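**Student:** To start, I am sharing the structure in question, which I have written as structure tokens.
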Amino acid sequence: MTVYNFSAGPAVMPTSVLKQAQSELMDYQGSGMSVMELSHRSSLFDAILKDAKKRLRELMNIPDNYHVLFLQGGASLQFSMVPLNLAQNKKALYVNTGVWSKKAIAAAKALDNVEVEVIASSEADNFSYIPTITPDMIDQKAAYLHITTNNTIVGTAFQNIPDTGNVPIVADMSSNILANNYNVTDFGLIYAGAQKNIGPAGLMVVIIRDDLLGLCEVNEPMLDYKVQADADSLYNTPPTFAIYMAQLVFKWLQELGGIPEILKQDQEKAQLLYDAIDKSKLFTSPIQSTSRSITNIPFVTGDEKLDQKFNAEALAAGFENLKGHRSVGGMRASLYNAFPKEGVKALVAFMEKFEKENGGA
């Protein structure tokens, strides 16, 4: 039975990347050692680190005045690092579009010397859309505006990045990095967990503009972006194997045609599923069409017991991790870059079969 992994993360990875890692697992480039055994100060790992950063810069067209950092701690640590580094004794603006936005807001509010203002929220409507952000909503004295570009749990995404004047935008891009056509220069800082479109869990990518380094005194060096940038992501032992895997994914993506090509493929995959949902008499999308994510696609039947039946039968048929997040229920298909189009076609066929057997006509 073919298994299709719709997990929201850790997520499916390219088969060719896994095979290369497997072939090099015991002996990396004739060293007699696994990548997991290489010293992070060795020339072999130095080459991996430099190449990974170079490839990411090329893929995202990252200008020279931005640092690329490979850190640890996940997006949850960034929720605190961002205000610590950018907004002490200042105001920070936030847009509330889901669970992870709320966590970022809570982390910033936990700091005594940071003023937090939520300028827009879609919580009253179950986060079913992305609020409109206009220039007049942005206090030009604010340290930054924080947005979550793609909301993994509810399935919404920013289609356009707001105009904030001189206020830098900080973006949690964990679930749609390398799967969008945003311009890096529209942001002051981007952070993203690797476990969706980049590699295994444990690696955090931070892309930060030079002028945002060293703005605040951070007493803990591990949490100081400037310390990490000055140390070239080597202040402490980095997640070496995760960086190696990211390097392989970046190479795979470049050989595929880069972000324009993978975005085209992602849009085609998403359209297949959205078309099936929209024409169905059983399944519906809880998200407003103008805010739909192409990365995380939720759908429901409107009957909790029928949703449970669908999830059980889908799992038995080889569709892994389709069950929606516990906070929203229903179903959710996460179609990250490495997820095959054949898997979407198989899911659509299964949905059509389920609908014939369970009503909806």
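**Student:** Name the trypsin sites (Lys or Arg not before Pro) in segment 140-241 that are in a loop by DSSP and that have at most 14 other C-beta atoms within 10 Å, would you?
**Tutor:** Listed in order of number, the matching sites are 141.
**Student:** Sorting check: for 115-123, 186-194, 302-310, which peptide has the highest mean count of neighbouring beta carbons within 10 Å, and how do the rest follow?
**Tutor:** The densest-packed peptide leads the list: 186-194, 115-123, 302-310.
**Student:** Within the accessible area of the chain, what % is carbon and sulfur when the probe is 1.4 Å and the other protein chains stay in place?
**Tutor:** Using a 1.4 Å probe with all protein chains present, the chain comes out at 49 percent carbon and sulfur.
**Student:** Where nothing but the Cβ of Lys and Arg (+1) and of Asp and Glu (-1) is charged, how large is the charge dipole of segment 232-339 around its Cα centre, in debye to the nearest 20?
**Tutor:** 240
**Student:** Okay, next question. Going by a ≥ b ≥ c, the root eigenvalues of the Cα gyration tensor, does segment 2-115 fall in the rounded group (a/c under 1.5), the prolate group (a/b larger than b/c) or the oblate group?
**Tutor:** Prolate, because a/c is 1.5 or more and a/b exceeds b/c.
**Student:** While we're looking at this one, here's another question. Rounded to the nearest 5, what % of the DSSP beta bridges within segment 96-213 are antiparallel ones?
**Tutor:** Bridges in segment 96-213 that DSSP calls antiparallel: roughly 45 percent.
**Student:** Of the DSSP beta bridges with both residues in segment 32-189, give the percent that are antiparallel, rounding to the nearest 5.
**Tutor:** Of those bridges, close to 10 percent are antiparallel.
**Student:** Count the DSSP beta bridges whose two residues both fall in the chain, then state the antiparallel fraction as a percent rounded to the nearest 5.
**Tutor:** 50
**Student:** Too long at a 18 Å Cα-Cα cut-off: which of 91/141; 102/305; 196/251; 269/345; 90/141?
**Tutor:** 102/305
**Student:** Could you tell me whether segment 80-236 comes out rounded, prolate or oblate from its Cα gyration tensor? Rule is a ≥ b ≥ c as square roots of the eigenvalues, rounded for a/c under 1.5, then prolate if a/b exceeds b/c, otherwise oblate.
**Tutor:** Oblate, because a/c is 1.5 or more while a/b does not exceed b/c.
**Student:** Rolling a 1.4 Å sphere over the protein heavy atoms, what is the accessible area per residue of segment 125-267, to the nearest Å²?
**Tutor:** That works out to 36 Å² per residue.
**Student:** With the dipole of the chain worked out from charges on the C-beta (+1 for Lys and Arg, -1 for Asp and Glu) around the Cα centre, which of 271, 236, 190 lies farthest toward the positive end?
**Tutor:** 271
**Student:** First check a/c for segment 16-59, with a ≥ b ≥ c the square roots of the eigenvalues of its C-alpha gyration tensor; if it is under 1.5, answer rounded, and if not, answer prolate when a/b is larger than b/c or oblate otherwise.
**Tutor:** Taking the square roots of the gyration eigenvalues as a ≥ b ≥ c, segment 16-59 is oblate.
**Student:** Enumerate the helices in the chain for which the Kyte-Doolittle hydropathy averages 0.5 or more and the C-alpha atoms extend at least 20 Å along the helix's axis, using complete DSSP H runs.
**Tutor:** Counting only whole DSSP H runs, the qualifying helices are 240-256.
**Student:** Compare the Cα positions of 29, 52, 5 along the charge dipole of segment 1-56 (+1 at Cβ of Lys, Arg; -1 at Cβ of Asp, Glu; about the Cα centre) and return the one farthest towards the positive end.
**Tutor:** 52
**Student:** Also, I was wondering about something else. Given the DSSP H assignment, sum -39500 (n - 2.57) over each helix run of at least 4 residues in the chain and divide by its residue total; what's the result at 222 nm in deg cm²/dmol, nearest 500?
**Tutor:** Dividing the helical sum by the residues of the chain leaves -11500 deg cm²/dmol.
**Student:** Within straight cross-link reach of residue 103, meaning Cα distance under 16 Å, which aspartates and glutamates are found once same-chain residues fewer than 8 apart are removed?
**Tutor:** Qualifying aspartates and glutamates at Cα under 16 Å: 115, 117, 123, 172.
**Student:** Put +1 on the Cβ of each Lys and Arg and -1 on the Cβ of each Asp and Glu in segment 215-361; which of 295, 322, 262 then has its Cα farthest toward the positive end of the dipole?
**Tutor:** 322
**Student:** Run through segment 208-283 and list the GluC sites (Glu not before Pro) located in a DSSP loop whose Cβ has at most 15 other Cβ atoms within 10 Å.
**Tutor:** Counting only loop positions with at most 15 other Cβ atoms within 10 Å, the GluC sites (Glu not before Pro) in segment 208-283 are 217.
**Student:** Of the listed values [x] 62, 58, 31; [y] 58, 53, 39; [z] 62, 47, 41, identify the label whose number matches Cα extents along the principal axes in Å calculated from this model.
**Tutor:** [x]
The values are calculated or read from the model by the stated rules, or taken from the named source; none is laboratory data. What you see is a predicted model; the values in this text were computed from it and never measured. Cβ: placed from backbone, ideal geometry, glycine included. Neighbour counts: every protein chain shown. Accessible surface areas use protein heavy atoms only, side chains included; no ligands, DNA or RNA. Shrake-Rupley method; radii C 1.70, N 1.55, O 1.52, S 1.80 Å.
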